[in-house]
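Just so it is clear, none of the values below were taken in a lab; they were calculated from the coordinates. These numbers come from a predicted model, not from an experiment. A quick note on method: Cβ atoms are made from the backbone with ideal geometry, for glycine too, and the neighbour counts reach across all protein chains shown.
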Amino acid sequence: MEGPQWRDLPTEAPTVGQVLPLVGGIVQYRQPLRRPQIALDAVATAGLQAAGASMAGLRHVSTGTCRQDSFGIFCAEPGRLFVVLADGLGSRLSSQLGADLFVEAVGRLVHSAGDRELPGPADLLLTASAWTEKIAANTYELTARDIGFVGLVAEIGPGRAEAARIGDLSAFVLDGDTFIEIFEADKQFINVVEASLPAADAADNVEVRPMPAASLAFATDGLADDIRGSSAVRVWLSACWQTPLAAFAMGDSLRYRRQGSHDDRTGVVVWQRLPEQAASQTEAEQDTSSPAIA
């Protein structure tokens, strides 16, 4: 029987190697906690611009399961961003819920701080993990194992740029067409991680790294492995990410097709802007604080 027919928007994204036919719309019957195939976002604050995209991998789309990655971009104050990535473990049926709850928890912590000094990325990661485990148990009756995921929290702002992770999430400095790893890419087996969240020993497995004042990219393993393994993907992404993108353009940058690339792809890029651009953005933000009368 002939499958469903689809119309999609054109793209200049490259195709690398022999790839499987595109599929779409297949869904498992009565699948709980299903999420959209694609999520997009873009933000701007004084001195910084960021864009993120997450899309379901071909493996999920073709089997009718759902995207297990999640991300968030939160602004604590003008010129200070927090980036959060989470990747649900493929072997856990409710890991997408864990990823979503974790991202939500970091956002709640950032925005509820008020005038209090926010903790660093490592403390945010651990506190959000504990909150995620509690909500999953009390609201959904799921265990920490049911919702297993890996997570990364990064803070980018004046005088501070730092990332903390548990698991195999990645961060890169963008230098022209070169991607410089911030964390060591120590992965002996594909899709196997030694530490995940939530976990009682999470504090023992947190990796923390400083980051330079430069354009930065954060990625789940489905995207990071493509960056490491394909020069064509690196050339394409470095060209796309040279300048700040809006949300749809960020999503289009991840529409390349690569042989063997079947996992979810999630990436967030943060661009530093020139001082005069940052000053103009600050003035615009201040103007919006006064009500406008039409």
Filter the GluC sites (Glu not before Pro) in segment 121-216 to those in DSSP coil with at most 16 other Cβ atoms within 10 Å of their Cβ, and list the result. GLU141, GLU184, GLU194
Kindly provide the helix-only [θ] at 222 nm of the chain, computed as the sum of -39,500 (n - 2.57) over DSSP H runs of four or more divided by all residues, to the nearest 500 deg cm²/dmol? -8500 deg cm²/dmol
Just add up the charged neighbours of THR178: K/R +1, D/E -1, any other residue whose Cβ is under 13 Å from the Cβ of THR178. -1
Where the centre of each part is set by its Cα atoms, how far does segment 70-147 sit from segment 27-67, in angstrom? 16
With at most 10 neighbouring Cβ atoms within 10 Å, loop trypsin sites (Lys or Arg not before Pro) (DSSP) excluded, longest segment of the chain: 117-294
Go ahead and run the numbers for FRET between GLU141 and ALA247, Cβ-Cβ distance against an R0 of 30 Å, rounding to 0.05. 0.30
Specify which residue in the list PHE102, HIS60, ILE73 is farthest towards the positive end of the charge dipole of segment 31-277, using unit charges on the beta carbon of Lys, Arg (+1) and Asp, Glu (-1), about the Cα centre. HIS60
Evaluate the relative contact order of the chain (contact order divided by residue number), counting alpha-carbon pairs under 8 angstrom at least 6 apart; express in whole percent. 26
Want the number for ASP177 to VAL27: 0.36 nm per residue separation, take away the alpha-carbon distance, what's left? 50.2 nm
Hey, what's the Kirkwood Rh for segment 31-277 if you take every pair of different alpha carbons, in angstrom? 17.9
Which whole number of Å³ per residue matches the convex hull of the alpha-carbon atoms in segment 58-124? 93
In whole Hz, with x marking every Gly and Pro, tabulate ³J(HN,Hα) for segment 105-114 from phi via Karplus 6.51 cos²θ - 1.76 cosθ + 1.60, θ = phi - 60°. 5, 4, x, 4, 5, 5, 7, 8, 5, x
Test of understanding: what is the full-extension gain from ARG257 to GLU117, defined as 0.36 nm times their sequence separation minus their Cα-Cα distance? 46.1 nm
